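Derivation of every value follows stated rules applied to the coordinates shown; laboratory data play no part. None of the values given here were measured: they were computed from a predicted structure. Reconstructed Cβ throughout: ideal geometry from the backbone, glycine too, with neighbour counts over all protein chains shown.
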Amino acid sequence: MNLKDKEMARDMLLMVEEIIKAYTSAEMEAANKPLREIFHTLCGSLEKFHAKLFNIMQSRGWYQTSVATQQEIESEIISWEQKPLKEPELVTEELQ
């Protein structure tokens with residue numbers, strides 16, 4: 001199976017995203033502070049790599065992003081503002 005550069009880059013981008021999710025989860029769950037710091041550092045390094053790869057892909061036309069309309073932005077803001085009303089169990093005392 002011969003993969004093209006675009007396909008390999010897309011696979012790498014997806015793989016890095018999954019690893020970042022795993023490191024973030026591990027960082028949040030680690031009870032040991034030095035271990036949390038290691039996961040944090042690893043995650044930061046991967047985020048920088050992800051950004052570089054994303055920018056390369058976008059500059060070559062391999063990754064297209066859409067631009068949100070003003071209406072979509074406003075709708076999302078309203079949705080977030082109403083979230084505490086729709087799901088009050090998610091609101092903590094610190095946020096009130």
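Between residue 51 and residue 64, with labels modelled 7 Å along Cα→Cβ, what's the label distance in nm to one decimal, could you check?
2.6 nm
Count the net charge of all other residues whose Cβ sits under 14 Å from the Cβ of residue 75, scoring Lys and Arg as +1 and Asp and Glu as -1.
Charge balance in the 14 Å sphere: -3.
Dipole of the chain (Lys/Arg Cβ +1, Asp/Glu Cβ -1, origin at the Cα centre): which of 59, 28, 69 lies farthest to the positive side?
59
Express the Stokes-Einstein translational diffusion coefficient of the chain in µm² s⁻¹, to the nearest whole number, given a Kirkwood radius over alpha-carbon pairs, 25 °C and a viscosity of 0.890 mPa s.
Roughly 146 µm²/s, to the nearest whole number.
Quick check: net charge around residue 64, other residues with Cβ under 15 Å of its Cβ, Lys/Arg +1 and Asp/Glu -1?
Local net charge: +3.
Before anything else, pin down the relative contact order of the range 1-90: Cα pairs under 8 Å, at least 6 apart, normalised by residue count, whole percent.
25 percent
Taking 0.36 nm per residue of separation and subtracting the Cα-Cα distance, what length does fully extending residue 78 through residue 24 add?
My answer for the length gained is 16.6 nm.
Let me know the charge dipole size of the range 1-55 about its Cα centre in debye, to the nearest 20, where only the beta-carbon of Lys, Arg (+1) and Asp, Glu (-1) is charged.
140 debye
Tell me which lysines have Cα within less than 28 Å of residue 4's Cα, excluding those fewer than 8 residues away on the same chain?
21, 48, 52
What size of dipole, in debye to the nearest 20, comes out for the range 5-95 about its Cα centre when the only charges are +1 on Lys and Arg C-beta atoms and -1 on Asp and Glu C-beta atoms?
It works out to roughly 500 debye.
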